[in-house]
Amino acid sequence: MLNAARLQILARLDSLGTVRAVGASLHLSPSAVSAQLATLEAETGTRLVERAGRRVRLTPAGRTLAAHARVILDQMALAEAELAHPDGHPAGAVRVAAFSSAVRALVIPLATRLAVEHPRVEVEVVELDPRESGPALRRADVDVAVTADLLDGARLAGPDVATVPLLEDPVVLVAPSGTGGADGPVDLAGLADARWSADLPGRYLSTLVESACRDAGFEARVVARLPSHELLLAHVEAGLSVALLPGLAVDPRYDVVARPLRAPRTRPVYAAVRRGAPPTAATSVVLAGLRQVAREADAAGSAPGAAR
């Protein structure tokens, strides 16, 4: 008979790629991971891993079993949840990964609402970059990933992942309060001499500023590299720079103005879950709640980042 713990190890090897990474994620030594994989091969009578230089990789049969393992493990989690709460009412912990501005604008309001409407559902949140949330979802570290498409086209998609659209998050120009000019859409070509703040080179906001300014006909003069949205907004608030941010990232606690772009850019935001077993009742409540919070944020104008 197949062993659930060994199936989990195989599925994680498929997601993480190395025995050492699997061991670290499960608090096992590499030798213990290798021993469990060898036992799984003996149980199945099938070669599941093979050497590739100094590392191992899954064979075609190993990848097939890993895909089945994810479905089996999710089905077991569903069964355990239903057995623990036989009355059918949503209950239990749901692990949600989200990028920083989505935590503030979507997940925290969701958790606050569910604490009243479904007090038996607990939202456990972890902040993860969109590039990190996909692997975390696939290896079952989280149940739901709130993520966004990146400028390079990277998307959390595939036959093993289902997505639920939440909102289109428009990119806005963030400038110091009291900045002159109209309140309507801004033409970036008029900001060729501006000082800009952005993320570290190669990251989303840095690439966004570079590509948007080049499309407007100039190279941005970046005077601050700040990976924290809070520091970036504080830099703009102090009158030291302007910046481009997705609307969700514009924290109303900072005295800045956010103006839409004449050449619009948006960032699709969506929730993702693993395919396989149906989601638990608690996970379904979380997904429905995320859609409602996103609709309300959009209707209120917090997602578009309208000028204030």
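The values are calculated or read from the model by the stated rules, or taken from the named source; none is laboratory data. Because the structure is predicted, anything quoted here is derived from the model rather than measured. Note that each Cβ is placed from the backbone with ideal geometry, even for glycine, and that neighbours are counted across all protein chains shown. Remember, those area values only see protein heavy atoms, side chains included, never the ligands or the DNA or RNA. Shrake-Rupley method; radii C 1.70, N 1.55, O 1.52, S 1.80 Å.
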- Message: Based on this model, can you work out whether Gly134 counts as in a helix (DSSP H, G or I) and modelled with pLDDT of 90 or more?
- Response: no
- Please find, within the stretch 81-109, the residue that is modelled with the lowest pLDDT out of those that are open to solvent by 40 Å² or more (accessible area, probe 1.4 Å), part of a helix (DSSP H, G or I) and not hydrophobic (A, V, I, L, M, F, W, C). Glu82
- Message: Condition first: more than 19 Å from Thr266 (Cβ to Cβ), modelled with pLDDT under 95 and touching a Ser or Thr at 6+ places or on another chain (Cβ under 8 Å). Now tell me which residues in the stretch 186-225 satisfy that.
- Response: Leu200
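Considering only residues that are of a type in the set (Lys, Arg), open to solvent by 60 Å² or more (accessible area, probe 1.4 Å) and either closer than 16 Å to Ala67 by Cα or not in a helix (DSSP H, G or I) (or both), which ones fall in the stretch 1-51? Explain how you work it out, then say what you get.
We begin by selecting, within the stretch 1-51, every residue of a type in the set (Lys, Arg); these are 6, 12, 20, 47, 51.
Those left that are additionally open to solvent by 60 Å² or more (accessible area, probe 1.4 Å): 20, 47, 51.
If the condition is that a residue be of a type in the set (Lys, Arg), open to solvent by 60 Å² or more (accessible area, probe 1.4 Å) and either closer than 16 Å to Ala67 by Cα or not in a helix (DSSP H, G or I) (or both), then Arg47, Arg51 are the ones that fit.
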- Taking interchain pairs and intrachain pairs at least six residues apart, which have beta carbon atoms under 9 angstrom, with the first residue in the stretch 270-287 and assigned to a helix (DSSP H, G or I) and the second among the acidic types (Asp, Glu)? Ala281/Glu82; Ala282/Glu122; Ala282/Asp143; Thr283/Asp143; Val285/Glu117; Val286/Asp143
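Go through the stretch 269-303 and count every residue that is open to solvent by less than 40 Å² (accessible area, probe 1.4 Å) and modelled with pLDDT of 90 or more. Step through it out loud before you land on a result.
The initial filter retains those residues of the stretch 269-303 that are open to solvent by less than 40 Å² (accessible area, probe 1.4 Å), namely 269-274, 277, 280, 282-283, 285-287, 289-290, 293-294, 297, 301, 303.
Then keep just the ones that are modelled with pLDDT of 90 or more; that gives 269-273, 282-283, 285-287, 289-290, 293-294.
The number of residues fulfilling the criteria is 14.
In the stretch 1-34, what residues are in contact (Cβ under 8 Å) with a residue 60 or more places away in the chain and hydrophobic (A, V, I, L, M, F, W, C)? Give the steps one after another, and end with the answer.
Restricting attention to the stretch 1-34, the residues satisfying the condition of being in contact (Cβ under 8 Å) with a residue 60 or more places away in the chain are 2, 4, 7-8, 11-12, 15-16, 25.
If the condition is that a residue be in contact (Cβ under 8 Å) with a residue 60 or more places away in the chain and hydrophobic (A, V, I, L, M, F, W, C), then Leu2, Ala4, Leu7, Ala11, Leu16 are the ones that fit.
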- For the stretch 110-144, how many residues meet the condition of being within 12 Å of Ala93 (Cβ to Cβ) and in contact with a Ser or Thr (Cβ under 6 Å, 6 or more places away or on another chain)? 1
- Query: Do we have any residue at all in the stretch 68-80 that's open to solvent by less than 30 Å² (accessible area, probe 1.4 Å), without any contact (Cβ under 8 Å) to a residue 40 or more places away in the chain and touching a Leu at 6+ places or on another chain (Cβ under 8 Å)?
  - Reply: no
- Task: Could you check how many residues of the stretch 223-268 are without any contact (Cβ under 8 Å) to a residue 12 or more places away in the chain and open to solvent by less than 40 Å² (accessible area, probe 1.4 Å)?
- Result: 1
